[in-house]
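J.: Below: one structure in structure tokens.
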Amino acid sequence: LGTVVAATLYLRQLVEPLDTMLNQVEQLQSSSASFARVEGLAGAPRAVREGSPAPADDRIDVAGVRYAYDRGGEVLRGVNLTVRPGERLAVVGPSGAGKSTLSRLLAGVDAPGSGTVTVGGVPVVALGPEQLRRQVVLVTQEHHVFLGTVRDNLLIAEPGAGDAELWAALAAVGADDWAAELPEGLDTELGPEAVAVDGSRAQQLALARVVLADPHTLILDEATALLDPATARHTERALAAVLEGRTVIAIAHRLHTAHDADRVAVMEDGRLTELGTHDELVAAEGAYAALWHSWHGDGRAASGR
Ligand code: ADP
């Protein structure tokens, strides 16, 4: 009995230190994740702020672009593409083909290994952040709510904006109703310890930033597929308002996006293998046609007719 009691007491004493240890391991993990982000900033391509000429027009050209990540082989193997101002271009293809990588290069997030990505004749990576966000903005599935007020979260996109412009941007994405109900309006602090913002509101804030930055071209990594239907409906409406009047390059995960686009580019294994309108590509009976038929379930691709 003595041994059992002693063992139990010792075990009880162990609980607290174990707890402390687990807590610290957790903190270590989260701080190493934060550190990785800071480290990532150092690796971002540095813009040549002074002396980079202003883009001549809104045309985006991709010429002979190759790209490889530090680890792994070549992901893009010679991509050529000209995006016409005002068009909706959908990029489709199997997962791992390099679509997201292309979208990062188009938005100037990464620099191509060789070849060029230019807007109006100027390489996108040569543009300073001020200039870049007037040209091209990448909208992805990651939405950050920055610690600070609603105003701080919006001014990142356009430091000179007045209250009227901020409210107009919130209204454009359908966020003005909940923002107006915040205790201190635009000066309400956001964040886990103040007013928490859910996924769809974070997305609306991100889209409001796009409205404020007012770029002529949007790269859209089609996000809504991953959201729950109620959120998706909200976001799609906000998104439609943001897309109005801009050139849109959509990384399409659903083929109905491709069907509605002006042109469709098919990406396979790091190359653009087909480019044309939906009808042209379906008539050409190539990879896109096969995708379309199998998605539509009309059995033509399967039966080989
Ligand atoms: P898609 O968007 O068409 O699914 P991605 O551009 O995401 O394709 O990925 C293309 C290839 O690059 C994949 O093989 C993927 O594993 C690889 N890849 C993507 N991101 C990274 C990364 N950060 N580091 C290394 N390899 C990556």
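J.: How large is the helix-only mean residue ellipticity at 222 nm for the chain, computed as the sum of -39500 (n - 2.57) over DSSP H runs with n ≥ 4, divided by its residue count, in deg cm²/dmol to the nearest 500? Spell out each step's value before the answer.
T.: Working: 12 runs with 135 residues, N = 305.
That comes out to -13500 deg cm²/dmol.
J.: Among Pro55, Pro17, Pro129, which one shows the highest mean-square fluctuation when the chain is modelled as a Gaussian network with alpha-carbon springs under 10 Å?
T.: For the chain, modelled as a Gaussian network with Cα springs under 10 Å, the answer is Pro17.
J.: Here's a follow-up. Relative contact order for the range 53-154: what percent, with Cα pairs under 8 Å and sequence separation of 6 or more?
T.: The value is 32 percent.
J.: Hand me the GluC sites (Glu not before Pro) from the range 110-202 located in a DSSP loop with no more than 16 other Cβ atoms within 10 Å, in residue order please. Walk me through the numbers on the way to the answer.
T.: Working: sites: Glu130, Glu142, Glu165, Glu181, Glu184, Glu189, Glu193; in loops: Glu142, Glu181, Glu184, Glu193.
Those that pass, being in a loop and sparsely packed, are Glu142, Glu181, Glu184, Glu193.
J.: Would you work out which of Thr277, His296, Ile251 lies farthest towards the positive end of the dipole of the range 230-296, given +1 charges on the beta-carbon of Lys and Arg and -1 on that of Asp and Glu, about the Cα centre?
T.: It is Ile251.
J.: Once the principal axes of the Cα atoms of the range 81-148 are found, what is the range along each, listed largest first in whole angstroms?
T.: Largest to smallest, the principal-axis extents are 40, 30, 28 Å.
J.: If you don't mind, there's one more thing I want to ask. How large is the dipole of the chain about the Cα centre if only Lys and Arg carry +1 and Asp and Glu carry -1, each at its Cβ, rounded to the nearest 20 debye? Please list the in-between numbers first.
T.: On the way: 25 positive and 41 negative charges, 202 e Å.
The calculated dipole for the chain is roughly 960 debye.
J.: Right, another one. Suppose the chain between Gln141 and Glu39 were pulled fully straight at 0.36 nm per residue; how much longer would it get relative to their current alpha carbon spacing?
T.: On the way: separation 102, 0.36 × 102 = 36.72 nm, distance 2.16 nm.
My answer for the length gained is 34.6 nm.
J.: Considering the dipole of the range 114-256 built from charges on the beta carbon (Lys and Arg +1, Asp and Glu -1) around the Cα centre, which of Thr140, Val125, Ala169 is farthest to its positive end?
T.: Working it through, the farthest residue towards the positive pole turns out to be Val125.
J.: Taking amide H atoms as placed 1.01 Å from N in the peptide plane, list the residues 5 or more away in sequence, or in a different chain, whose amide H sits under 5 Å from that of Val139.
T.: Ile219, Leu220, Asp221
J.: If you don't mind, there's one more thing I want to ask. Let's see if you can work this out: charge +1 on each Lys and Arg Cβ, -1 on each Asp and Glu Cβ, no other charges. What is the dipole magnitude of the range 156-285 about its Cα centre, in debye to the nearest 20?
T.: Details: 8 positive and 25 negative charges, 40 e Å.
Magnitude of the dipole: close to 200 debye.
J.: Kindly put Trp178, Trp167 in sequence by how many other C-beta atoms sit within 10 Å of each C-beta, fewest to most. Numbers along the way, then the final one.
T.: On the way: Trp178 14, Trp167 19.
Ranking Trp178, Trp167 by Cβ neighbours within 10 Å, fewest first, gives Trp178, Trp167.
J.: Once label points are set 7 Å from the Cα along Cα→Cβ at both Ser30 and Arg151, what is their separation, rounded to one decimal in nm?
T.: 2.9 nm
J.: Now, a different point. Please find, in a Gaussian network model of the chain (springs between Cα atoms separated by less than 10 Å), the residue of Leu76, Leu190, Leu89 whose mean-square fluctuation is greatest.
T.: Judging by the Gaussian network model, the answer is Leu190.
J.: Which whole number of Å³ per residue matches the convex hull of the alpha-carbon atoms in the range 148-286?
T.: Taking only Cα atoms, the range 148-286 has a hull volume of 133 Å³ per residue.
J.: Please name whichever of Ala179, Ala287, His234 sits farthest to the positive end of the charge dipole of the range 152-289, dipole taken about the Cα centre and charges placed at Cβ: Lys and Arg +1, Asp and Glu -1.
T.: Checked the options; the winner is Ala287.
J.: Something else about it: If you fit an axis through the alpha-carbon atoms of helix 199-213 and take the longest principal axis of the Cα set of the chain, what angle between them do you get, 0 to 90°, nearest 10?
T.: The two axes meet at around 50 degrees.
J.: Multiply the residue separation of Ala283 and Ala168 by 0.36 nm, subtract the distance between their alpha-carbon atoms, and state the gained length in nm to one decimal. Intermediate values should be presented prior to the final figure.
T.: Details: separation 115, 0.36 × 115 = 41.40 nm, distance 4.40 nm.
Full extension from Ala283 to Ala168 adds 37.0 nm.
J.: Quick one: among Val79, Val197, Val122, which has the greatest mean-square fluctuation in a GNM of the chain with alpha-carbon springs under 10 angstrom?
T.: For the chain, modelled as a Gaussian network with Cα springs under 10 Å, the answer is Val197.
J.: Compute the relative contact order of the chain as a whole-number percentage, counting only Cα pairs closer than 8 Å that sit 6 or more residues apart in sequence.
T.: Details: 479 pairs, mean separation 65.0, N = 305.
About 21 percent, as a whole number.
J.: Where does helix 163-172 land angle-wise versus the long Cα axis of the chain, in degrees 0 to 90, nearest 10?
T.: 70 degrees
J.: May I pose another question? Taking the beta-carbon count within 10 Å as an exposure proxy, list Tyr69, Tyr288 from fewest neighbours to most. Mind showing how you got there, number by number?
T.: Values: Tyr69 11, Tyr288 24.
Ascending number of Cβ neighbours within 10 Å: Tyr69, Tyr288.
J.: Okay, moving on. By count of other Cβ within 10 Å, fewest leading, how are Arg37, Arg133 ordered? Kindly include the intermediate steps, with their values, before the conclusion.
T.: Details: Arg37 8, Arg133 21.
In order of increasing Cβ crowding within 10 Å: Arg37, Arg133.
J.: Sticking with this structure for a sec: State log₁₀ I(q)/I(0) for the range 72-188 at q = 0.16 Å⁻¹ as given by the Debye formula over alpha-carbon point scatterers of equal weight, solvent excluded.
T.: The calculated log intensity ratios at q = 0.16 Å⁻¹ are -0.92.
J.: Please compute the modelled spin-label separation between Leu22 and His256, points set 7 Å along Cα→Cβ, answer in nm with one decimal.
T.: The answer from the label model is 4.5 nm.
J.: Then there's this: For the range 1-110, what is the Kirkwood hydrodynamic radius in Å, using each pair of distinct C-alpha atoms? Please list the in-between numbers first.
T.: On the way: mean 1/r = 0.0509 Å⁻¹.
Hydrodynamic radius (Kirkwood, Cα only) of the range 1-110 equals 19.6 Å.
J.: Please report the relative contact order for the range 240-293, taking Cα pairs under 8 Å with a sequence separation of at least 6, and give it as a percent rounded to a whole number. Can you show the working numbers first?
T.: Details: 41 pairs, mean separation 11.7, N = 54.
Here the relative contact order equals 22 percent.
J.: Where the convex hull is taken over the Cα atoms of the chain, what is its projected area averaged over directions, in nm²?
T.: The number I arrive at for the chain is 24.0 nm².
J.: Follow-up question, since we're still on this one. Using the Cα centre of the range 95-241 as the reference point, and only Cβ charges (+1 on K/R, -1 on D/E), how large is the resulting charge dipole? Debye, rounded to the nearest 20. Could the numbers behind the result be given before it?
T.: Values: 9 positive and 20 negative charges, 147 e Å.
That gives a dipole near 700 debye.
J.: Can you compute the modelled spin-label distance between Ala161 and Thr82, with each label point 7 Å from Cα toward Cβ, in nm?
T.: According to this spin-label approximation, the distance is 3.4 nm.
We did not get these values from a lab; they are worked out from the coordinates using the rules stated. Predicted model, so just to flag it, every value in this text is computed and none were measured. When we count neighbours, we look across all protein chains shown, and the Cβ atoms used for this are built from the backbone with ideal geometry, even at glycine.
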